[in-house]
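Every number in this text was worked out from the coordinates using simple rules, so none of it is lab data. Since the structure is predicted, the reported quantities are computational estimates derived from the model, not experimental observations. Here Cβ is always computed from backbone atoms with ideal geometry, including for glycine, and neighbour counts include all displayed protein chains.
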Amino acid sequence: MSAPATRAQPAGPHQPTLLASCALATTAAEASYRISYPEFARRSSRVIALGAESERSVRAMGGRLWGGGHFLVFESAVPGDALLRYAGAGGTALLSEELADADTVVMVASAGANPEAASVIGDAAAARGIMSAGLVLPVPPGSGGSVNELVSALRPNAMVLVVLRDAADVPEVLSALRV
């Protein structure tokens, strides 16, 4: 039988990381080596609810302070465009007008979402080279819908698709997308 393998020891003395090393990294002398980089540029985002269930979530998000986000609800497709309603303030706009200066579109879907809405919005965003994301909210039991149906509707129309376990995660996801 051969002898059991042993771990190779590093050459030279072993120096553990000391807590004082972290403290040294915060000194003014060490700070001079850091790269100063401006904050990320704000996005011009459009967050669009695709149905009544997701409208509640989008309306709640619209009441918060966001950098450049518009919070909308898909109303209906019109020839060559779509009619949107502002989630909190009321009033309407055309999808084409909202996408004119947008760089991100986030579609929010839950039970009762309109599959046509995902297609119209996704096609319009793709034609303009705008990043599109889909957020699938949890489907309440007994609502008659399923997460699989929502994913099937959004998957071909969103570059990024996130299925959430909890609707309370929407603000964090929107923050991560820099809405």
Can you check what the net charge comes to around residue 139, using other residues whose Cβ is under 10 Å from the Cβ of residue 139 (Lys, Arg +1; Asp, Glu -1)?
-2
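Given N residues in segment 65-138, what is its alpha carbon radius of gyration divided by 2.2 N^0.38 Å? Present the calculation step by step, with values, prior to reporting the outcome.
Numbers: Rg = 11.7 Å, N = 74, 2.2 N^0.38 = 11.3 Å.
That works out to 1.04 for segment 65-138.
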Summed residue charge, Cβ within 12 Å of residue 77's Cβ, Lys/Arg positive, Asp/Glu negative
-4
For a protection proxy built on the mean count of beta-carbon atoms within 10 angstrom, sort 47-55, 133-141 highest first, please.
47-55, 133-141
